[in-house]
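Heads up, the thing below is written out as structure tokens.
Derivation of every value follows stated rules applied to the coordinates shown; laboratory data play no part. This structure is a prediction, so every number in the text was calculated from the model and none was measured. Because the Cβ atoms are built from the backbone with ideal geometry, glycine has one as well, and the counts that use them run over all protein chains shown.
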Amino acid sequence: MPLLEIKNLTVSFDTAAGPFMAVQGIDLSIEPREVLAIVGESGSGKSVAMLAVMGLLPNTATVKADRMAFDGIDLLELSPSERRKIVGKDISMIFQEPIASLNPCFTAGFQIEEVLRFHMGMDRAQRRARAIELMKLVGIADPEERLNSFPHQMSGGQCQRVMIAIAIACNPKLLIADEPTTALDVTIQKQILDLLVGLQAKYGMGLIMITHNMGVVAETADRVIVQYKGRKMEEADVLSLFEQPKSNYTRALLSALPENAVGDRLPTISDMLFEPAPSAAGTGSATGAAS
Amino acid sequence: MSVTVLEGKNIVRDYHVGGGLFRPSRTVHAVKGVSFSVDKGKTLAIVGESGCGKSTLARIITLIDPATAGELFIDGKKVDIAKDGLSKEMRRKVQIVFQNPYGSLNPRQKIGDVLGEPLLINTDTPANERRDLAMRMLKKVGLGPEHYNRYPHMFSGGQRQRIAIARALMLNPSLLVLDEPVSALDLSVQAQVLNLLADLQDEFKLTYVFISHDLSVVRYIADDVMVMYYGEAVEYGSRDEVFADPKHSYTKTLFAATPRADVASIKARLAKKKAA
């Protein structure tokens, strides 16, 4: 049984200019212990699809799907309070901006322990011990001391480690990482990716990696979904995607990598996209709103 | 013959962190004696992790902050803004494009005014000429005259970075400092902006100082590469030298950390995973 199964997911936002379709009929499934990468540029709806799974979209969004099931539970039928018992515990998410996604008013330790209190019902001493264990697991030096640090006292890489600690605190079955390394340096990126993939293998989690970086895909994924303007362009295992990309869009993405530059100019997406782009209601400024 | 546009000799920059009642003040050595030179029409890339002093160096080269010690020559002329201040003539020679196109444009200023402002401050070009020049520059960077009266929030990230580049070019500078100009952009948009920069360099014979932490971008655009680590230049040479034979251990770490997107390395990774 797949861990997460989505059929024909559509998300639209009500805007002044009528509904804007951010996700148009995406199918997706992930098995336990699998690393799935979703690739696409900003505005391709890759984050929105996952936020719909988490139930984190604002009221202006309308989510429709034929099926959206996690571990056999139908997410569409759940009441908000039932959903809150799953989200953060069995499915958890890491966001792009580590410093912005932590609450600046509370210490790292408090924010890790909050999840443990809510979902696991641990007492104070157990929470403390588990928080220290988690901090060690994600590779933070002096965990006892760092528990009392506020987000602004830590570097971006350390904040992202704290975010990962919060996300894996309750041993989730599925971890969704939304551009986890985009805001970080290459050397730190490498460490965080190694950490994520290591944790995934150690605890047998499913991992969904949302990214626009083909290098990150190549380094982490088993299977890849390429998305463009809210639609799925291609789905393949990682090797065949890089060896024989089927859609023109994937080919364009791969050739836009600076290391693949032939001659003086980099090919861009518009140079390469011969097949007519799927019709989308909004372009230009609307893409910024969706990301 | 090649002409040296920019030369730095032993540039040092210290910051004094003020102490409190019970805390002594400290000195942070952000840049510890860096030397470099760039010829006309060439690109020097400065690579390093965050906090290694590359943006501090960019601010010194752009004549925003003075260096604590060392000499800076622009077009063969020694510049010391700590002593002599900054003349309008010098400001016309050096311009900068910042990393975040969302933060570097004033949200209350129309694009036309953004582009006219450098001319308004540094020259006495009349208003109608400023307008013409701004229109022409918009076309150069791939935007249209219809964008003249729009506000920054109406543009995507890539378009905003084009506007920031256009603003930097309004005064016909000879030296352009690019502080991580594409790191906030998507892969496909990044390719467009890099192409634009290459085209503009050819057209105006611009000299670039390109700051980045993305080695694949550096490999594409740079002629010379300088790797900085904790305020020091640990490696400096032509692109091919540095990429073919990195000497310093930090450079090697940097190369090892860059994700590789070729089929061979994916195969290697999958094989390793299977074995584990």
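Residues that are surrounded by 18 or more Cβ atoms within 10 Å (Cβ to Cβ), of a type in the set (Asp, Glu), more than 25 Å from B:VAL3 (Cβ to Cβ) and within 23 Å of the chain's Cα centre (by Cα): does segment B:199-214 have at least one?
Checking segment B:199-214: at least one residue is surrounded by 18 or more Cβ atoms within 10 Å (Cβ to Cβ), of a type in the set (Asp, Glu), more than 25 Å from B:VAL3 (Cβ to Cβ) and within 23 Å of the chain's Cα centre (by Cα).
Take segment B:216-272 and flag every residue that is without any contact (Cβ under 8 Å) to a residue 40 or more places away in the chain, in a loop (DSSP other than H, G, I, E, B), of a type outside the set (D, E, K, R) and facing chain A (nearest Cβ under 9 Å).
Initial filter on segment B:216-272 (without any contact (Cβ under 8 Å) to a residue 40 or more places away in the chain): B:217, B:219-220, B:234-235, B:237-238, B:240-253, B:256-257, B:259-272.
Subsequent filtering for residues that are in a loop (DSSP other than H, G, I, E, B) retains B:245-248, B:259-262.
Now drop any that are not of a type outside the set (D, E, K, R), which leaves B:246, B:248, B:259, B:261.
Within segment B:216-272, B:PRO259, B:ALA261 meet the criteria.
Please specify each residue of segment A:74-89 satisfying the condition of being buried (at least 19 other Cβ atoms within 10 Å of the Cβ) and either without any contact (Cβ under 8 Å) to a residue 12 or more places away in the chain or in contact with a helix residue (DSSP H, G or I) (Cβ under 9 Å, 6 or more places away or on another chain) (or both). Break it down stepwise before answering.
Step one: of segment A:74-89, the residues buried (at least 19 other Cβ atoms within 10 Å of the Cβ) are A:75, A:86-88.
Matches in segment A:74-89: A:LEU75, A:VAL87, A:GLY88.
Quick check on segment A:143-156: of everything there that is in contact (Cβ under 8 Å) with a residue 40 or more places away in the chain and outside any loop (DSSP other than H, G, I, E, B), which residue is farthest from A:ILE91 (Cα to Cα)? Please lay out each step first, then the result.
Initially, segment A:143-156 is screened for residues in contact (Cβ under 8 Å) with a residue 40 or more places away in the chain, giving A:147-152, A:154, A:156.
Narrowing further to those that are outside any loop (DSSP other than H, G, I, E, B): A:151-152, A:156.
On the way: A:PRO151: 24, A:HIS152: 27, A:GLY156: 24 Å.
The qualifying residue farthest from A:ILE91 (Cα to Cα) is A:HIS152.
Among the numbered criteria (1) out of contact with any Lys or Arg (no Cβ under 7 Å at 6 or more places or on another chain); (2) over 24 Å from A:LEU3 (Cα atoms); (3) of a type in the set (D, E, K, R), which single criterion is violated by A:ARG127?
A:ARG127 satisfies all of (1) out of contact with any Lys or Arg (no Cβ under 7 Å at 6 or more places or on another chain); (2) over 24 Å from A:LEU3 (Cα atoms); (3) of a type in the set (D, E, K, R) except (1).
Which of the strands (runs of 3 or more DSSP E) found entirely inside segment B:54-155 contain at least 1 residues meeting this: without any contact (Cβ under 8 Å) to a residue 60 or more places away in the chain and more than 19 Å from B:LEU200 (Cβ to Cβ)? Don't jump to the end; show me each part of the working.
Details: elements: B:69-74, B:77-79, B:94-97.
Output list reads B:69-74, B:77-79.
Can you list the helices (runs of 4 or more DSSP H) found entirely within segment A:159-251 that contain at least 1 residues being more than 9 Å from every other protein chain (Cβ to nearest Cβ) and farther than 23 Å from B:ASP262 by Cβ?
Values: elements: A:186-203, A:214-220, A:238-243.
Answer list for segment A:159-251: A:186-203.
Residues that are in a loop (DSSP other than H, G, I, E, B) and either β-branched (Val, Ile, Thr) or surrounded by 21 or more Cβ atoms within 10 Å (Cβ to Cβ) (or both): does segment B:159-167 have at least one? Show your work before the answer.
In the first step, residues of segment B:159-167 are kept if they are in a loop (DSSP other than H, G, I, E, B); the result is none.
No, the conditions are met nowhere in segment B:159-167.
Those residues that are of a type outside the set (A, V, I, L, M, F, W, C) and more than 7 Å from chain A (Cβ to nearest Cβ), I need them from segment B:184-213; list them, please.
First pass over segment B:184-213, keeping only residues of a type outside the set (A, V, I, L, M, F, W, C): B:186, B:188, B:190, B:192, B:195, B:199, B:201-203, B:205, B:207-208, B:212-213.
Scanning segment B:184-213 gives B:GLN190, B:ASP199, B:GLN201, B:ASP202, B:GLU203, B:LYS205, B:THR207, B:TYR208, B:SER212.
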